Structure formats: structure tokens, C-alpha cells
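Below is one structure; the comments refer to it alone.
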Amino acid sequence: MATQKQAGEGQYLTFRLADEVYAMEITKVREVLDYTRITKVPKVPEFMRGIINLRGGVVPVVDLKRKFQMGETKRGVDTCIIIVEVEVENETTMIGTLADSVREVVDLNSTQIEPPPRIGSQIRTEFIKGMGKQDENFIIILDINSIFSVDELNLVQTVSAKEEKRTEPSEATAS
């Protein structure tokens, strides 16, 4: 059985999905975008909402609520897209993740982080690196590299590559 990595002290970006506060290591976060138009892509898993154009590049957007079987992220005034880097078979891929809102960057030290719970969570615990404590509230620290299977991430990379090719200007020469 593979050993699970536990969250260490450091900085974390906190965000909301439904009524819960989640966090990701700030080193995995590239930027936070206002909600923008997402182009739907056919024949992809339900959790993949589509793609966006990020400075000329294609970035797939996933709905963590759908992935965690918590419903669907609805567009609201605070809905945003968090651009994160995910490791896929020693390659780094950028993915947009929908969030109901972004809260803040927090510093957590080792005394504020507990191991993931064994039971009683809405999401499978292999996605959780730890439980941060801030005042009387818990923050679910996600392991962004464990949320998606290798097959799912390969599919995301394939969709991105196909869309990149489709949107590139034609290189045909005039006869």
C-alpha cells in the first residue's frame, strides 16, 4: 500500500466549495482568475467542464464539486478559476479548478495540521493531505496530484493538445 504524504507547514491558498473550506499548497497555484467563458468539449468525463484560453494557451477546467460528488459549481459573483500545476508521469500540466470563492493565503505550522481523517469525509481521504486548524475551524488540505487518476490527467492533456492544434493558425503554403 502506498504511503500518503502529509501536509507540512507552509503557505496554503484557501477556497470554498459549498460550505467547506479547502486549501492547496501555494506552490502549486499559478494564478486565480475571475470566472470566464468555458468552452465545452464533447466526450469528456462529467467533472471536466471544458477549456479556457489563457494568454493563447488551452487550459482544461475541472469542477472539483463534481469530482467529489458534491453537485455542480454554479456561477456566482465570487466564482473563480484557480490555475494549478499538476504532476502527470513526471510532466507538469496546468489545470483550472472551479471554486465557489477564494478566501486567502494562510500560513500553517506543523502544530496546526493533523493527519487526514480515516472516516467521515465527503471526499475520499487519499485526496486529503491533512486537516488544517485555524481558530476553531478546519481547513481540508488537498493533495492536488492525487485528486485525478493518471488516466483522467492523460485525457485532460490529450484534450488540451487537440484543442491547441485545432486553434493554431494553418501552416499551409500557397501554391
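Taken over segment 75-99, the criterion of being part of a loop (DSSP other than H, G, I, E, B) and in contact with a helix residue (DSSP H, G or I) (Cβ under 9 Å, 6 or more places away or on another chain) is satisfied by 89 alone.
Which residue is farthest from the chain's Cα centre (by Cα), if the candidates are limited to segment 34-89 and must be of a type in the set (Gly, Ala, Ser) and modelled with pLDDT of 90 or more? Checking each candidate, the answer is 76. Taking residues in segment 24-42 that are more than 15 Å from residue 99 (Cα to Cα), and partners anywhere that are crowded, with 17+ Cβ neighbours inside 10 Å and among the small types (Gly, Ala, Ser), the pairs with Cβ atoms closer than 7 Å and at least 6 places apart or on different chains are 39/50; 40/50; 41/50. Scanning segment 37-44 turns up no residue that is surrounded by 12 or more Cβ atoms within 10 Å (Cβ to Cβ), over 19 Å from residue 153 (Cβ atoms), touching a Ser or Thr at 6+ places or on another chain (Cβ under 7 Å) and polar (S, T, N, Q).
Quick one: in segment 54-66, of everything that is free of Cβ contacts under 8 Å to residues at least 40 places away in the same chain and in a strand (DSSP E or B), which residue is nearest to residue 110 (Cα to Cα)? Among those residues, the one meeting the criterion is 63. Filter segment 117-142 for residues that are under 14 Å from residue 67 (Cβ atoms) and modelled with pLDDT of 90 or more; which is farthest from the chain's Cα centre (by Cα)? Looking at the filtered set, the residue picked out is 140.
The values are calculated or read from the model by the stated rules, or taken from the named source; none is laboratory data. None of these values were measured; they are calculated from a predicted model. Positions of Cβ are backbone-derived with ideal geometry, glycine not excepted, and every protein chain shown enters the neighbour counts.
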